[in-house]
1. Determine, yes or no, whether A:L294 is modelled with pLDDT under 90, within 25 Å of A:I33 (Cβ to Cβ), surrounded by fewer than 22 Cβ atoms within 10 Å (Cβ to Cβ) and touching a Gly at 6+ places or on another chain (Cβ under 8 Å).
2. At pLDDT 90 or above, within 14 Å of another protein chain (Cβ to nearest Cβ) and surrounded by 13 or more Cβ atoms within 10 Å (Cβ to Cβ) - does that describe any residue in segment A:134-144?
3. Would segment A:196-205 turn up any residue that is outside any helix (DSSP H, G or I) and open to solvent by 50 Å² or more (accessible area, probe 1.4 Å)?
4. Can you name the condition, by its number, that A:S207 falls short on among (1) away from every other protein chain (no Cβ under 14 Å); (2) touching a residue at least 12 places away in the same chain (Cβ under 8 Å); (3) of a type in the set (S, T, N, Q); (4) out of contact with any Phe, Trp or Tyr (no Cβ under 7 Å at 6 or more places or on another chain)?
5. For segment B:296-306, does any single residue satisfy the condition of being part of a helix (DSSP H, G or I), open to solvent by 20 Å² or more (accessible area, probe 1.4 Å) and away from every other protein chain (no Cβ under 14 Å)?
6. Just checking, how many residues over segment A:249-279 are open to solvent by less than 30 Å² (accessible area, probe 1.4 Å) and either away from every other protein chain (no Cβ under 14 Å) or under 18 Å from the mean Cα position of the chain (by Cα) (or both)?
7. Consider A:F226 carefully, then state whether it is more than 28 Å from A:A68 (Cα to Cα) and more than 7 Å from chain B (Cβ to nearest Cβ).
Amino acid sequence: MDWQYFWELFFGGLTRGSIYALIALGYTMVYGIIELINFAHGEVYMLGAFTALIVAGALGIYGFPAVAILIIAAAVAVIYCAAYGVTLEKIAYKPLRDAPRLSPLISAIGMSIFLQNYVILAQTSDFMPFPNLVPQPEFLEPIAHIMGASEVLIIVTSAIAMAALTLFIKYTRMGKAMRATAQNRKMAMLLGIDADKVISLTFVIGSSLAAVGGVLIASHVGQVNFAIGFIAGIKAFTAAVLGGIGSIPGAMLGGLVLGWCESFATGYISSDYEDALAFGLLVLILIFRPSGILGKAKTQKV
Amino acid sequence: MRKGWFKGLVAGLALAVMACPAFAADTIKFGVAGAHSGDLASYGLPTVNAAKLVAKMVNAKGGVLGKQVEVIPQDDQCKPELATNAATKLVSDGANVVLGHICSGATKAALPIYKEANIVLMSPSATNPALTQSGDYPNFFRTIASDDQQAKLGVDFTIEKLGKKKIAVLHDKGDYGKGYAEYAKQFIEQGGKGSVVLFEGVTPGAVDYSAVVQKIRNSGAEAVMFGGYHPEASKIVQQMRKKRMDLPFVSDDGVKDDTFIKVAGKDAEGVYASSSRDVSALPLYKEAIEAHVKEFGAEPGAFYKEAYAASLALLNAIEKAGSTDSAKIMNALRTEFVETSVGKIKFDKRGDAEGVGFSMYQVKNGKYVELK
C-alpha cells in the first residue's frame, strides 16, 4: 500500500467533503425546520462567490492586503447572502407555508432558475477569474504538494463553523427555540416562540454558511460563473440526504463521506466513475438506512 | 386577326415560360447548405455570407465559364433529418456544386444523397474524421482539418519536441474532448515511442480536481494532454501548479481561448494548445474580412474564412475543369492549387485540404503565441 498516495487522496477528500458539508448545513437546517428542500441554496452559494468577487475587485484597486480583502469580502458576502436568504424565504416560501408540500418545492426550483438568470443578466455568463486571496505562508510549503493554504483554510473554517453551530443550537435560547420549532411548529408557537423569527434566522445562518463556502471555494478554485451553484448544490444536497436530512451532525458526516468516497474512487478506480460511485453509495445507504446515516426514523404521529 | 394576335401572345408566353429553365441553366447554381436558423445558426450563417460575397466578386469579374453564379441557400438547422431534405431540395433545384453542410452529423446524413446525384460537396466545418477517411464519399471535400489532426499534432509535439515519453491523457467526457483524447491515445500507442500512463475522464464543473491531480503525480507522467474546454483546463492547471507540479500541459482548440488565460492568470504561462494555423497575414484573408465588414457592417462569425476558401476553391475548380461535370471538377480540386483565405491549397485523394491545419500555440506573457 502506497501510504503517501493514500494521504494525498485523504486530504483531497477532506477538503472536498468540508466544502460539501458547509453547503449541506443550509439544506439540512431549512429542511429540519420547515421540511422544505431549498433548491435555491446552491444559488446563494454562487451569489456569495460573486459578491466577494466584486468586493475583492473594488478593494484590489485600492491596494488592500490579500488577507484584509478576504475578510472584508467574506463579511460583505455573508451580509448580502443572509439578506438574500431571508428575502427568498419571505417572497417565495412564506406565502406557500400552508400550501401542499410540492408547491414550495417548485417555487424553490423557480427561484434557483431566477437567480441564475439574474446573475447572467446583471453580471455575465462568462467564466470570471477569482483572485487568490489566501496567501501561501512559508511553513505550509513542505506540504504544498498535498494541500495548500486555501485547502487548510477551508477545512479549518468548516470545522469552526460546524462547532459554533452545534454549540449555538445546543446552548442558546434561540437554538432551543429552533429545536422546538423543528420538533413541532404549532406547539412551539403555542408556547410563545416566534416561529417566523426562527425560520428567518435559519435562512440567515444557512445562507451565511453558503456565502462563506462560496468565497473560500472560489478562492481555492480560482474561477466563478453563474452555474457553479448547481453542481455544488446537488452534491451538498446528496451529502445532506446521505447523512440524514434534518440532522446537523448528519450533514457534516454526509459531506465528509461523500468527499472521501469521490476522492478515493477517483484515485483508486477512475474519475470516469466518480459520480456513479458517489450516487451508488447514496442508493445503498438509502436502501439499508432510508433516513440516512444519522437521521432518525420518524414515527408517524397518529 | 385580333384572335390570332392573342394566340400568338399565348404561344409566346408559353415559350417564354418553357424557356425559363433554359435561362436558369445559364447560371452556375451554387448550393449552400447548413444551419441558417435554430440554435446553431451562428455556425451556418457566416458561410452563406461568404458564398454570397465570393459569388458577387466572381460575378463582377464576369462569372464562371462566362455564366453568373447563383447562390441557393438551404437550411438544415444542423439536424440530420432536415439535412436530407435540404440535400434533396438542392439536388432537385439542379445545384452544380454545394458548399456545406456545417455540422458533421448533418453532413453525414446528407452525403449519400449527393453521392447518388453525383454532386461535389465541400464543407467548411465538418471535422468528423470518418467523413473523408472512410473513403466512402469521393465527392466530399473540406477546407477544415479533421478532428484527429489536432491530436496527431499534440502527440507529435509532446513526444518529438518536448521529448516526453510518459503521457497522462485526460478529457472532460464530452464528445469533443473525449474524441481528442481517444485519438491522442491511439496515436501514442501506434507511434510506439511513448506510452499512455493514465487515461481518465474528469467530471466537468466539479468543485475541485485535487484527486485527479494527485493521480497524475502518482502515475509518473512527464506530460499531460487534455481534451476539452477551458473551464476544466484552467481548474486542472491551477490545481497542478498549486500542488507544485510543473508538467507541460498540452491541449486543444477548446483551450486556445483568451478566457483560459484570463481565468488561469499566471498559471496559464507555458501551457500549449493547438488551434488553426494563423492566417491573419494572408492577403486573401484580409480581403475576405474587409469584404464582409463592408457588406454586412460586422466582423464575420465562425468558419467564415474556411467557407470563403471553399467557395473560391469550388468556383475555381469549375473554371479550371471547363465544365460543370462533377468528375472534372473533382479532378481539378485534386490537381490544381488555388490561393484562398486559408492559404494555398489543393485536396488529397480523400478530400482533405493539403496545406490546411493546426499549429501549436503557447501562452507567453499572457498571450497565445504560435510556435513555428
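The values are calculated or read from the model by the stated rules, or taken from the named source; none is laboratory data. Model, not experiment: these values are computed from the prediction. Ideal geometry is used to build each Cβ from the backbone, glycine not excepted, and the neighbour counts take in all protein chains shown. Just the protein is used for accessible areas: all its heavy atoms, side chains included, with ligands, DNA and RNA removed. Shrake-Rupley method; radii C 1.70, N 1.55, O 1.52, S 1.80 Å.
1. Values: modelled with pLDDT under 90: yes; within 25 Å of A:I33 (Cβ to Cβ): yes; surrounded by fewer than 22 Cβ atoms within 10 Å (Cβ to Cβ): yes; touching a Gly at 6+ places or on another chain (Cβ under 8 Å): yes.
For A:L294, the condition - modelled with pLDDT under 90, within 25 Å of A:I33 (Cβ to Cβ), surrounded by fewer than 22 Cβ atoms within 10 Å (Cβ to Cβ) and touching a Gly at 6+ places or on another chain (Cβ under 8 Å) - is met.
2. Restricting attention to segment A:134-144, the residues satisfying the condition of being at pLDDT 90 or above are none.
No, there is no match, as no residue in segment A:134-144 is at pLDDT 90 or above, within 14 Å of another protein chain (Cβ to nearest Cβ) and surrounded by 13 or more Cβ atoms within 10 Å (Cβ to Cβ).
3. At the first step, the residues of segment A:196-205 found to be outside any helix (DSSP H, G or I) are none.
The answer is no, given that none of the residues of segment A:196-205 is outside any helix (DSSP H, G or I) and open to solvent by 50 Å² or more (accessible area, probe 1.4 Å).
4. The single condition A:S207 does not satisfy is (4).
5. Going through segment B:296-306, the residues part of a helix (DSSP H, G or I) turn out to be B:296, B:304-306.
Subset that is open to solvent by 20 Å² or more (accessible area, probe 1.4 Å): B:296, B:305.
Still in the running and away from every other protein chain (no Cβ under 14 Å): B:296, B:305.
Yes, that holds for at least one residue.
6. Residues of segment A:249-279 that are open to solvent by less than 30 Å² (accessible area, probe 1.4 Å), as a first pass: A:250-251, A:254-255, A:258-259, A:262-263, A:265-267, A:270-271, A:274, A:278.
Right, trim to either away from every other protein chain (no Cβ under 14 Å) or under 18 Å from the mean Cα position of the chain (by Cα) (or both) and you get A:250-251, A:254-255, A:258-259, A:262, A:278.
Residues flagged as open to solvent by less than 30 Å² (accessible area, probe 1.4 Å) and either away from every other protein chain (no Cβ under 14 Å) or under 18 Å from the mean Cα position of the chain (by Cα) (or both) within segment A:249-279 amount to 8.
7. Working: more than 28 Å from A:A68 (Cα to Cα): no; more than 7 Å from chain B (Cβ to nearest Cβ): yes.
No; evaluated as a whole, the condition is false for this residue.
Let's see how each residue does on (1) open to solvent by less than 30 Å² (accessible area, probe 1.4 Å); (2) of a type outside the set (V, I, T); (3) under 14 Å from A:V212 (Cβ atoms):
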{"position": "A:G17", "(1), (2), (3)": "yes, yes, no"}
{"position": "A:G26", "(1), (2), (3)": "yes, yes, yes"}
{"position": "A:A58", "(1), (2), (3)": "no, yes, no"}
{"position": "A:L70", "(1), (2), (3)": "yes, yes, yes"}
{"position": "A:I91", "(1), (2), (3)": "no, no, no"}
